[in-house]
Each structure stands twice: as C-alpha cells, then as structure tokens.
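Shown next, in structure tokens, is the structure this report addresses.
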Amino acid sequence: MELRIRNRYHLTVSTAILFFSPDTCAEYGRWGTRGWWNIPPGGEAHVLNTNNTWSYIYGEAADGTLWTDANGPRIHVRQEAFDSCLLIGDTQSRVVSTVKVRSGTVNLNPPAGALTALPAAVPGQLEVTAAGSAGLTGRR
C-alpha cells in the first residue's frame, strides 16, 4: 500500500509522518518518523510504501495553519530533513502531534470557511481538514 499526501491548501505544506517500522525501530518504539515533504498547492507526494493500514501525519504551512490532532501521537521533528524512530529525540528537535490516517491518498484541506480554487477531492479519498477546536486543529 502507498501513502500519498495531496495539498489542497493555497500555500506549500510541509509534512512529516509516523509509520510502523518494527524491524528498523525495534528498540525505539517500533515506529519510524520521517520528514519533510514540501508539497506545493495542488501538488502531491508519495511518502511511504507500507503493509500497515494506518500511519500518522503532521502538516504545517508558512501562515501557521497546522494539520495536527492534539490527542494524536507526538513525534520529534527537526528543522532539516530527518529519518528516525519514535523514541529518538534531541535538543535540536521539537515535538508535534500527528493525525491518524489510512493508507491511500490523504487530502490536506483548507481550514473550515477558507476559500480555495484547488481541484475537488476524488470520492473515497481521506479528507483531513485544518479546522476549529474539535478533533483536528488548524490554527493561525
């Protein structure tokens, strides 16, 4: 299965992922972390091949809009590209919360009420909307 992320926001969105990796990260939580994919408006990135149904993503745009879930797993991310494991962090990293997603194509939608001229979603694709305070959160 593939995990693909499509940006339906009007700005570039930088994304990071958390994915099941029991062999590589056996001693560090059994989950891998990787980032960054800088996806332009209307663009799409293939970020993972996996046998696992579920993964987690985090996204951020330059205007401060976030695709996150305050109740989701927290990962360490670095400013530069990284490929690590869940339980590995350092003084150069910050901690962010992730959103659970099903393998396939994930559409990162604008916050509720925002206008966009990007193409409509394809039926059957997961929609992750940066929205108000319930569930997924988008903040500016």
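What to note about this one:
- The slack in the chain from R4 to Y28, taken as 0.36 nm per residue of separation less the alpha-carbon distance, amounts to 6.1 nm.
- Simple Cβ-charge dipole of the range 60-114, Lys/Arg +1 and Asp/Glu -1, about Cα centre, in debye nearest 20: 220
- Distance (nanometres) between label positions extended 7 Å along Cα→Cβ at T12 and A70: 3.0
- Whole-percent carbon and sulfur share, accessible surface of the range 1-113, 1.4 Å: 47
- Heavy-atom surface of the range 11-122, accessible at 1.4 Å and reported per residue (Å²): 51
- Efficiency of FRET from Cβ geometry, D83 and E44, R₀ 22 Å, rounded to 0.05: 0.60
- Per residue, the Cα convex hull of the range 13-89 amounts to 103 Å³.
- Charge tally in the Cβ shell below 15 Å around S93, where Lys, Arg are +1 and Asp, Glu are -1, S93 excluded: 0
The values are calculated or read from the model by the stated rules, or taken from the named source; none is laboratory data. As the structure is a prediction and not an experimental result, all values here were calculated from the model. Cβ sites come from the backbone with ideal geometry, for glycine too, and all protein chains shown count toward neighbours. Surface accessibility is based on the protein's heavy atoms, side chains included, excluding ligands, DNA and RNA. Shrake-Rupley method; radii C 1.70, N 1.55, O 1.52, S 1.80 Å.
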